[in-house]
Each structure stands twice: as structure tokens, then as C-alpha cells.
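Colleague: My questions all concern the structure below.
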Amino acid sequence: MADGQLVYIDESGDAGLKVGRGSTPTLVVAAVVFECTADAEETASRIRQHREEALAKGPSFQFHFTDLRRDWRVGFLEAVSGCPFAVWAIVVQKDRIWQGTQLRRSPEYLYNFTVKQLLTYTFGKIGDAKLFVDGEAGRESLRRMVTYLRRECRKAGLTVFRDVRFVPKRECNVLVQLADMVTGGIARSYRDDKKDRHLYRRAIGPRLRNVWEFGRPWG
């Protein structure tokens, strides 16, 4: 099979609609896009080098945004800032979703819709890709998401992806970890209560192509 795009997807926050009663106020979904396998391998090699040389950690160590201290987060993002990938993200601020709309139907529908929007509104920059998704969510919900995405892309006449692979955390896939770190960094920029809210998005900056703040306008 010819080489093509590889897209790693992750989210920060949840799709729950009970904000203030356990659900996060914001859902962020991001896609880390590689144009070819060689670009992905180059980036993976840079992450492993940083892990071993800067942190003296072995292959079992995993980069997860919420588990790391501030300087490790910044160091990681700065280490990959020159690597050949692009980041597209969508931010759903739930208080901007109109009451009574389909998006308030269920958390699963909101999440699937958000992923669809992310993948299909990239000005044609994502196409015929292989998707990699964190496989820790329930398998059935992931399968339903893929079915939904295929149906919606077909209706729109788009060939956004050709294959999907669910990646379990036990594989210690550094590119899945990259998606986690990038998504966490973007999400942190929407936390007014955090003093480090601007650090990570600034570090990601060279790789950011678009952050779409989805929802109705204020007022």
C-alpha cells in the first residue's frame, strides 16, 4: 500500500454535559498529522532521544500531560517543535452550545460530532489517512464512532481516512503520547485558574495549523 498520512487523535476533558456537576467545561480534540511514515518515524526518534538523554528514562516511561511536572511538559514540547508534523484542534466550550440542539443529545454524540468536525474542516489538508486512536475507551463506543465517521464522511463525499487503529497504552506508543501532550497543552490554555496556561501552547506554536473554537458566539 502506498505511503500516506498518519493521524493521531486524542482528547482532553470529557464530552459530559453536566458542567459544574462533574463534567469539564471544555472538550478539546486534536489531530497530530504526519504526511508520511518517514516523518512519523523521525518524530518518534526525536521523542525517544529526548526521553533517554534529557530525562534518563527507559522505553516503559510514558509522557502524559496530566502526570508530568511543568518543566518536563515544556521540555517535551520544545523538543518536538521542529519535527515534521502539523496540529489541528477543535475546542468545544460547552456553555456555548445552544440548549435543545442535537449536540446536547448525549455525550457520545457530542464527542463523535466533534471528531468529525475536526477531521472534515481542515481545508482539504487531511485525506485518505490512517487514523490512530487511544484504545483505552470502550471498544464498542470506539467502533460506533468509526461507523459514524465513515457514514458522515460518505454523505459529505469525503475520503478523510482509509483505516483506523486503536492503540492500547501498554504499547507505549510515543506518537500516541505526543497527541496526549499536544492536546493537554492546548486544553490548559483555556484554564484561567492555571498560572502556566500560556506556556504549552506557546511551545506548540510552530506546529499549530488551526485551533477552531466551536460554538455559538457570545451575546
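Colleague: Taking the condition of being β-branched (Val, Ile, Thr) and more than 21 Å from GLY13 (Cβ to Cβ), how many residues in the stretch 155-181 meet it?
Modeller: Total satisfying the criteria: 4.
Colleague: Now a separate question. Are there any pairs with C-beta distances below 7 angstrom linking a residue in the stretch 76-90 that is within 12 Å of THR43 (Cβ to Cβ) to a residue that is assigned to a helix (DSSP H, G or I) and among the small types (Gly, Ala, Ser), with the two at least 6 apart or on different chains, and if so which?
Modeller: Qualifying pairs under 7 Å: SER81/ALA203.
Colleague: Name every residue in the stretch 125-157 that is buried (at least 17 other Cβ atoms within 10 Å of the Cβ) and at pLDDT 90 or above, in order of residue number.
Modeller: ILE126, ALA129, LYS130, LEU131, PHE132, VAL133, MET145, VAL146, TYR148, LEU149, GLU152
Colleague: Go through the stretch 46-62 and give me each residue that's in a helix (DSSP H, G or I), free of Cβ contacts under 8 Å to residues at least 60 places away in the same chain and closer than 25 Å to SER12 by Cα. Let's see the steps before the verdict.
Modeller: Narrowing the stretch 46-62 to residues in a helix (DSSP H, G or I): 46-53.
Applying the additional criterion that residues be free of Cβ contacts under 8 Å to residues at least 60 places away in the same chain yields 46, 49-50, 52-53.
Hits for the stretch 46-62 are ARG46, HIS50.
Colleague: Among the residues of the stretch 3-53, write down those that are of a type in the set (Val, Ile, Thr) and under 14 Å from PHE132 (Cβ atoms).
Modeller: Of the residues in the stretch 3-53, the ones of a type in the set (Val, Ile, Thr) are 7, 9, 19, 24, 26, 28-29, 32-33, 37, 43, 47.
Scanning the stretch 3-53 gives VAL7, ILE9, VAL29, VAL32, VAL33, THR37, THR43.
Colleague: Any residue in the stretch 132-144 that's small (Gly, Ala, Ser): show its pairings with residues that are in a helix (DSSP H, G or I) and at pLDDT 85 or above at Cβ separation under 8 Å, as long as the two are six or more apart or on different chains.
Modeller: Pairs that qualify, where the first residue is small (Gly, Ala, Ser) and the partner is in a helix (DSSP H, G or I) and at pLDDT 85 or above, are GLY135/LEU142; SER141/GLU108.
Colleague: Still on this structure: In the list ARG104, ARG51, which residue meets the criterion of being among the basic types (Lys, Arg) and within 17 Å of PHE214 (Cα to Cα)?
Modeller: Values: ARG51 fails: within 17 Å of PHE214 (Cα to Cα).
One residue alone meets the criteria, ARG104.
Colleague: Restricted to the stretch 82-107, and to residues that are closer than 26 Å to GLU35 by Cα and within 16 Å of the chain's Cα centre (by Cα), which residue is surrounded by the fewest Cβ atoms within 10 Å (Cβ to Cβ)? Can you show your working first?
Modeller: Step one: of the stretch 82-107, the residues closer than 26 Å to GLU35 by Cα are 82-91.
Adding the requirement that they be within 16 Å of the chain's Cα centre (by Cα) leaves 85-91.
On the way: PHE85: 23, ALA86: 20, VAL87: 23, TRP88: 23, ALA89: 25, ILE90: 23, VAL91: 22.
Filtering first and then ranking leaves ALA86.
Colleague: So, one more: Which one is surrounded by the fewest Cβ atoms within 10 Å (Cβ to Cβ), of the residues in the stretch 108-124 that are in contact (Cβ under 8 Å) with a residue 60 or more places away in the chain and under 16 Å from ASP10 (Cα atoms)?
Modeller: Ranking the qualifying residues of the stretch 108-124, first place goes to GLU108.
Colleague: Would you check which residues across the stretch 63-108 are assigned to a loop (DSSP other than H, G, I, E, B), farther than 17 Å from THR183 by Cβ and modelled with pLDDT of 95 or more and list them? Break it down into steps so the answer makes sense when it comes.
Modeller: Start the filter on the stretch 63-108 by keeping residues that are assigned to a loop (DSSP other than H, G, I, E, B), which leaves 63-64, 68-69, 81-85, 97-101, 105-106.
Narrowing further to those that are farther than 17 Å from THR183 by Cβ: 69, 82, 84, 97-101, 105-106.
ARG69, GLY82, PRO84 - these are the residues of the stretch 63-108 that are assigned to a loop (DSSP other than H, G, I, E, B), farther than 17 Å from THR183 by Cβ and modelled with pLDDT of 95 or more.
The values are calculated or read from the model by the stated rules, or taken from the named source; none is laboratory data. Note that the structure is predicted; figures quoted are calculated from it, not measured. Neighbour counts are summed over all protein chains in view; Cβ atoms, including those assigned to glycine, are modelled from backbone coordinates with ideal geometry.
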